[in-house]
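Undergrad: Take this structure, written in structure tokens, and hold onto it; I'll ask about it next.
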Amino acid sequence: MEILECIKAIDDYKAKGKKAIAGGFRSRSRETPTYIYTHGLPYAITLLAARSSKSLLESGLLQDAGTCRDVVERVLSLEEDEKKASYGLYGALVLYIMKREGLIKSRSFSDLVKEMLQDPTIEAKSKLIFEWFKRLSEAYFISEHGAE
């Protein structure tokens, strides 16, 4: 399961002292599905880009994106601010998985927004991806405040 590989790549960074990135990723994994259900997938993805940058999210759309680990390393090398990095990392990895699963074809953020608006089935087909990211990040990245 490729999503698990993405989580394990972030967990490796957590072990290297990047706890805030892992915690932020966990928060994004928990809150983003709510935005999808209340406002829709295009809004949720745009929100992730607004709180990080479109270029960070585009890291997951690259044709030669490589592996999850490559995407993690690319995003974390582009953004030093941990909060922005957690938004960008979450968005990039979700888009990476969506692209690998054949749900989207876009190579740029603007094309992605158009594609999602023109094909509402992308949202329905992607919900399982968001659920897996949520559950696995909850399992791997324990809240600093204890169990929730």
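None of the figures in this text is laboratory data; all of them are computed from the coordinates on show. Keep in mind the model is a prediction, meaning the values are calculated, not measured. Please note: Cβ atoms are built from the backbone with ideal geometry, for glycine as well, and neighbour counts cover all protein chains shown.
Undergrad: Counting helices only, and only those DSSP H runs with n ≥ 4, report the 222 nm mean residue ellipticity of the chain as the sum of -39,500 (n - 2.57) divided by its residues, in deg cm²/dmol to the nearest 500.
TA: Computed mean residue ellipticity for the chain: -24000 deg cm²/dmol.
Undergrad: Within the stretch 1-82, list the GluC sites (Glu not before Pro) lying in a DSSP loop whose Cβ has at most 15 other Cβ atoms in a 10 Å radius.
TA: Numbers: sites: Glu2, Glu5, Glu31, Glu58, Glu73, Glu79, Glu80, Glu82; in loops: Glu79, Glu80.
Answer by residue number: Glu80.
Undergrad: Okay, moving on. Taking the Cα atoms of the stretch 18-148, report the difference between the largest and smallest coordinate on each principal axis, in whole Å and largest first.
TA: So the extents along the principal axes, rounded to whole Å, are 41, 31, 23.
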